[in-house]
Amino acid sequence: MTYVVTESCIKCKYSDCVDVCPVDCFHVGPNMLVIDPDECIDCTLCVAECPVEAIFAEDDVPDDQRDFIALNAELAKTWPVIIEKIDAPSDADDWAKVKAKKQLLEK
């Protein structure tokens with residue numbers, strides 16, 4: 001099993017999760033992070049660090065977010081690895097309250 005970053009991360013891109021990850025499984029895109037399922041070691045450390053609760057175990061991804069499983073795998077192949085925390089966008093706190101934002105994902 002792997003962990004998956006879901007829709008809540010879009011436009012927030014908090015990277016607290018990256019700081020606690022013991023392997024380099026996070027990748028950064030224009031407006032969200034994803035997890036490389038081939039690198040994730042299922043340690044669960046990132047889950048508690050995400051301030052918007054965007055990270056789920058693959059088996060626990062909500063039904064309406066299941067497409068993010070394949071999306072994480074796909075985007076991790078092209079987005080660069082991120083190994084340390086970066087500043088969140090200045091409006092991240094405003095976007096953290098928005099639920100439906102998949103259409104805003106920038107690839």
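The values are calculated or read from the model by the stated rules, or taken from the named source; none is laboratory data. The structure presented is a predicted model; accordingly, all values stated were derived computationally and were not measured. Note: ideal-geometry Cβ built from the backbone for every residue, glycine included; neighbour counts use all protein chains shown.
Please count how many residues of region 13-28 are within 10 Å of the chain's Cα centre (by Cα) and not hydroxyl-bearing (Ser, Thr, Tyr). Of the residues in that region, 6 qualify. Determine if region 91-99 includes at least one residue that is at pLDDT below 95 and either touching a helix residue (DSSP H, G or I) at 6+ places or on another chain (Cβ under 7 Å) or exposed (fewer than 14 other Cβ atoms within 10 Å of the Cβ) (or both). Checked against the condition, which is being at pLDDT below 95 and either touching a helix residue (DSSP H, G or I) at 6+ places or on another chain (Cβ under 7 Å) or exposed (fewer than 14 other Cβ atoms within 10 Å of the Cβ) (or both), region 91-99 yields at least one hit.
Counting only strands (runs of 3 or more DSSP E) that sit completely within the chain, those holding 2 or more residues that are of a type in the set (A, V, I, L, M) and touching a residue at least 60 places away in the same chain (Cβ under 8 Å) correspond to 3-5.
With respect to LYS77, determine if the residue is modelled with pLDDT of 95 or more, crowded, with 21+ Cβ neighbours inside 10 Å and basic (Lys, Arg). No: the conditions fail for LYS77. Take the conditions within 19 Å of LEU105 (Cβ to Cβ) and over 8 Å from the mean Cα position of the chain (by Cα) and apply them to VAL47. Does it pass? So VAL47 fails the test.
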